[in-house]
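Some notes on the structure that comes next.
The values are calculated or read from the model by the stated rules, or taken from the named source; none is laboratory data. These figures come from a predicted structure and were not determined experimentally. Methodologically, a virtual Cβ is constructed for each residue, glycine included, from the backbone with ideal geometry; neighbour enumeration extends over all protein chains shown. With ligands, DNA and RNA removed, areas are computed over all heavy atoms of the protein, side chains included. Shrake-Rupley method; radii C 1.70, N 1.55, O 1.52, S 1.80 Å.
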Amino acid sequence: MSETVHVAFTGNPNCGKTTLFNAYTGANLKVANWPGVTVEKVEGSFHFQDHELKLVDLPGTYSLTSYTMEERVAREYILSDEVDVIVDVADASALERNLYLTLQLIELGKPVVLALNMMDIVEKRGMEIDMHRLPEMLGIPVIPVSARKKKGLDILMHAVVHHHDRKESTPIVHHHEELEKNSTHAHDHHREFAMVYSDDIEDKIDIIKEALKKKYPDMFNHRWHALKILEGDQAITEQYPVELPEELTCDYEQEIIRQKYNFIDEIVREVLFNKAEKEEATDRVDQILTNRWLGFPIFLVIMAAVFFLTFTIGDWLKDYLSVFISWFSESVRGGMEALGIAAPVISLVVDGIISGVGGILTFLPNIFILFLALAFLEDSGYMSRAAYVMDSIMGKVGLSGRAFIPMVLGFGCSVPAIMASRALENRRDRLKTMLVTPLMSCSARLPIYLLLSQMFFGKYAMVAAYSMYVLGLLLAILVAFVLHVFDRKKTEYNLLIELPEYKVPSARTVAIYVWEKVKDYLTKAGTTIFIASIIMWFILNFGVHGYTTEISQSFGSMAGRVIAPVFAPLGLGYWQIVVALIAGISAKEVVVSSFSVLFGISNVSAPAGMAALSGVLGEMGFGPLNAFSMMVFCLLYIPCIATIATIKRESGGWKFTVCCIVFQLLLAWTVSCLIFQVGSLLL
């Protein structure tokens with residue numbers, strides 16, 4: 001009978017931990033939420049050398065001092081009796097940053113195996129790691145691996161199965177003869193522990209450890225608990241209260257952290273070679289990109305360049321796709337007419353489904369270019385700099401720079417952006433971030449901006465579209481500031497964020513990122529927008545007397561006319577516009593596909609289609625100011641159904657979700673109204 005070994009995979013964010021985990025488990029995964037929280041729990045299993053290995057992929061964490069929800073979940077699971085061995089996945093190309101968590105894990109006293117991932121990158125950069133000296137200094141097995149290339153996987157698991165039940169740790173060789181000779185401490189900790197503190201700290205640890213042994217004799221690892229109490233760890237001090245001398249009631253966390261990093265510096269000096277040149281290059285670039293005065297303007301220029309590419313290259317490709325969709329639409333219509341199929345069915349397929357879905361697919365090149373650019377920025381190491389640059393601004397509005405990460409993700413899709421708010425320290429910050437993140441322009445809004453700006457703003461189309469991204473960012477910051485002013489429980493923040501070395505983006509990583517985003521877009525076109533187009537066709541082709549070719553007699557027309565007066569002050573008091581906006585709640589792209597159905601234009605995003613739509617809207621009195629007001633309203637009003645569901649799940653109830661919906665509706669109406677009314681006076 002095979003022995004079961006429970007293995008916890010942990011590590012810093014972006015260390016390749018999940019890639020390594022997936023390399024072992026493949027498709028044999030089970031995904032659920034941890035009990036009582038919304039953090040994902042990913043489990044897998046496989047057999048290795050007569051052992052059944054049960055693997056759990058923990059959320060990324062920088063330390064075992066639990067600030068965020070993910071960090072609390074990771075720590076509680078590691079401390080539980082369920083874990084037999086811990087695999088600490090570390091980015092070998094960023095050893096200093098990753099070793100802090102490694103030292104904390106070693107101090108727990110549980111079997112730890114260090115998996116040095118991304119060794120291929122280390123070699124590519126011309127760096128070397130002394131794989132003999134590193135395990136000597138840490139006292140644990142150290143295995144070089146490459147999750148991406150699937151190298152070293154068997155050796156790592158061999159270390160896991162042979163290390164999980166070891167009672168004695170690997171001999172530690174510090175070469176601290178001078179420190180040992182001059183130490184006045186009672187014990188020779190330099191031969192016992194990897195991380196040894198100053199005599200003063202070690203004496204305090206011993207005092208607390210003895211007090212814990214008397215009160216909690218069955219406690220696992222008294223030294224680790226004593227260390228956490230000395231750090232002032234709230235969870236441990238509340239769970240294990242103990243009477244201590246007055247001089248030990250102070251918080252020594254900063255001193256303990258300082259001494260840990262001193263030891264890490266010593267490790268890096270002894271085991272890592274040829275890194276200085278790479279660090280100097282990164283530092284030189286950061287002097288410009290993270291400059292206090294230049295950082296934010298550079299960020300805006302970079303994003304402007306992204307949208308310039310999205311318009312120029314994207315539009316060039318879009319024209320070819322528009323021609324194909326127009327040809328396909330007419331071919332289907334001609335074929336169905338030749339087969340004698342009834343006119344309502346032809347209208348449903350061509351005017352409803354193909355026009356709706358095809359109108360969205362036309363913008364696929366623009367979406368592709370946007371995600372390609374964002375993937376390059378992310379994989380090059382720039383995006384974390386954007387959060388760092390925004391830290392001072394976010395701090396003034398009551399949020400940490402870490403909150404800017406979900407906001408930047410919101411440029412792609414609001415759903416993962418809302419989920420990324422889990423990384424924030426407390427619930428109040430998560431709720432504030434969830435409130436403002438949907439104000440960022442997600443990719444689903446891009447087709448609306450492209451269509452309206454190209455129809456009404458000519459050579460200034462890119463400026464009009466880009467202004468939506470800037471406006472969304474500024475309003476998000478303004479809303480956060482207003483909330484901060486009225487917040488009675490103001491919090492001070494210290495941003496801890498990974499600033500990786502700059503690198504040439506990996507073609508494979510970029511390709512996977514872009515494919516996942518494009519696949520999501522295509523999936524949405526094939527499901528949500530497909531269904532919405534059919535529903536929209538029925539609403540606009542049926543009325544109280546059944547099927548009608550007069551759209552003005554349809555149910556959609558009747559509903560739109562009832563609501564239209566509410567939108568009149570915004571310059572959007574047209575029933576067709578109202579119906580399109582309501583349909584956009586299912587998915588923002590549906591606003592564009594609805595235009596095709598509402599105005600009977602087969603390919604509304606093609607040059608001929610845009611000319612026809614522009615003419616129809618112009619006859620209605622809908623001009624550039626109305627178009628800009630509509631773009632602003634689409635930027636700010638109710639998020640899509642998927643985002644609403646995510647907000648509900650992440651916030652834990654409907655109360656906050658409904659507040660978000662009402663707030664965004666009021667904000668969208670107010671801002672669009674101000675723009676249209678002031679614009680009407682000035683123009």
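Looking at segment 2-19, which of the residues that are closer than 11 Å to L55 by Cα and open to solvent by less than 10 Å² (accessible area, probe 1.4 Å) is farthest from the chain's Cα centre (by Cα)?
V5
Out of all the residues in segment 573-592, is one or more of a type outside the set (S, T, Y), buried (at least 16 other Cβ atoms within 10 Å of the Cβ), at pLDDT below 80 and not in a helix (DSSP H, G or I)? Talk me through it step by step, then tell me what you get.
Step one: filter segment 573-592 for residues of a type outside the set (S, T, Y), giving 573, 575-585, 587-592.
So of that shortlist, the ones also buried (at least 16 other Cβ atoms within 10 Å of the Cβ) come out as 573, 575-585, 587-592.
Add one more test, that the residue is at pLDDT below 80, and what stays is 587.
Narrowing the set further to residues that are not in a helix (DSSP H, G or I) leaves 587.
Yes, segment 573-592 contains at least one residue that is of a type outside the set (S, T, Y), buried (at least 16 other Cβ atoms within 10 Å of the Cβ), at pLDDT below 80 and not in a helix (DSSP H, G or I).
Would a scan of segment 90-97 turn up a residue that is under 23 Å from E192 (Cα atoms), of a type in the set (A, V, I, L, M, F, W, C) and part of a helix (DSSP H, G or I)?
Among the residues of segment 90-97, not one is under 23 Å from E192 (Cα atoms), of a type in the set (A, V, I, L, M, F, W, C) and part of a helix (DSSP H, G or I), which makes the answer no.
Quick one: K519 ticks every box in (1) of a type in the set (K, R); (2) closer than 29 Å to G410 by Cβ; (3) at pLDDT 90 or above except a single one, so which number is it?
All conditions are met except number (3).
Looking at Q677, is it more than 25 Å from the chain's Cα centre (by Cα) and of a type outside the set (F, W, Y)?
Yes: the conditions hold for Q677.
Among all residue pairs at least 6 apart or on different chains, which show Cβ distances below 8 Å where the first residue, located in segment 465-488, is more than 11 Å from L635 (Cα to Cα) and of a type in the set (F, W, Y) and the second is part of a helix (DSSP H, G or I) and open to solvent by 20 Å² or more (accessible area, probe 1.4 Å)?
Y466/A304; F481/K396
Would you be able to say whether some residue in segment 333-355 is in a helix (DSSP H, G or I), without any contact (Cβ under 8 Å) to a residue 60 or more places away in the chain and closer than 26 Å to S453 by Cβ?
Scanning segment 333-355 turns up no residue that is in a helix (DSSP H, G or I), without any contact (Cβ under 8 Å) to a residue 60 or more places away in the chain and closer than 26 Å to S453 by Cβ.
Is one or more of the residues making up segment 446-457 without any contact (Cβ under 8 Å) to a residue 12 or more places away in the chain and surrounded by fewer than 21 Cβ atoms within 10 Å (Cβ to Cβ)?
Taking every residue of segment 446-457 in turn, none turns out to be without any contact (Cβ under 8 Å) to a residue 12 or more places away in the chain and surrounded by fewer than 21 Cβ atoms within 10 Å (Cβ to Cβ).
Here is a yes/no grid of residues against (1) over 18 Å from L361 (Cα atoms); (2) part of a helix (DSSP H, G or I):
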site	(1), (2)
I512	yes, yes
W515	no, yes
K519	no, yes
L522	no, yes
I529	no, yes
A532	no, yes
L540	yes, yes
T549	yes, no
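Can you name every residue in segment 142-153 that is at pLDDT 85 or above, open to solvent by 30 Å² or more (accessible area, probe 1.4 Å) and more than 13 Å from A90 (Cβ to Cβ)?
Selection gives K151 alone.
Would a scan of segment 245-259 turn up a residue that is within 30 Å of K503 (Cα to Cα), surrounded by 14 or more Cβ atoms within 10 Å (Cβ to Cβ) and modelled with pLDDT under 85? Spell out the reasoning first.
We begin by selecting, within segment 245-259, every residue within 30 Å of K503 (Cα to Cα); these are 257-258.
Retained after the next criterion (residues that are surrounded by 14 or more Cβ atoms within 10 Å (Cβ to Cβ)): 257.
Adding the requirement that they be modelled with pLDDT under 85 leaves none.
There is no residue in segment 245-259 that is within 30 Å of K503 (Cα to Cα), surrounded by 14 or more Cβ atoms within 10 Å (Cβ to Cβ) and modelled with pLDDT under 85.
Within segment 477-484, identify whether any single residue is under 24 Å from F307 (Cβ atoms) and at pLDDT 90 or above, and answer yes or no. Steps first, please.
Within segment 477-484, the subset under 24 Å from F307 (Cβ atoms) is 477-480.
When the remaining residues are screened for being at pLDDT 90 or above, the result is 478-479.
Looking through segment 477-484, at least one residue is under 24 Å from F307 (Cβ atoms) and at pLDDT 90 or above.
Please find, among S651, S672, the residue that is touching a Leu at 6+ places or on another chain (Cβ under 9 Å), open to solvent by less than 20 Å² (accessible area, probe 1.4 Å), at pLDDT below 95 and not charged (D, E, K, R). I'd like the intermediate steps shown before the answer.
Numbers: S672 fails: at pLDDT below 95.
So the residue among S651, S672 that is touching a Leu at 6+ places or on another chain (Cβ under 9 Å), open to solvent by less than 20 Å² (accessible area, probe 1.4 Å), at pLDDT below 95 and not charged (D, E, K, R) is S651.
Hey, could you check segment 310-354 for residues that are crowded, with 17+ Cβ neighbours inside 10 Å and touching a Phe, Trp or Tyr at 6+ places or on another chain (Cβ under 6 Å) and say which is farthest from S533 (Cα to Cα)?
By that ranking, first place goes to L348.
Test D379 against the criterion of being more than 24 Å from Y513 (Cα to Cα) and either within 14 Å of the chain's Cα centre (by Cα) or among the acidic types (D, E) (or both), and give yes or no.
No: the conditions fail for D379.
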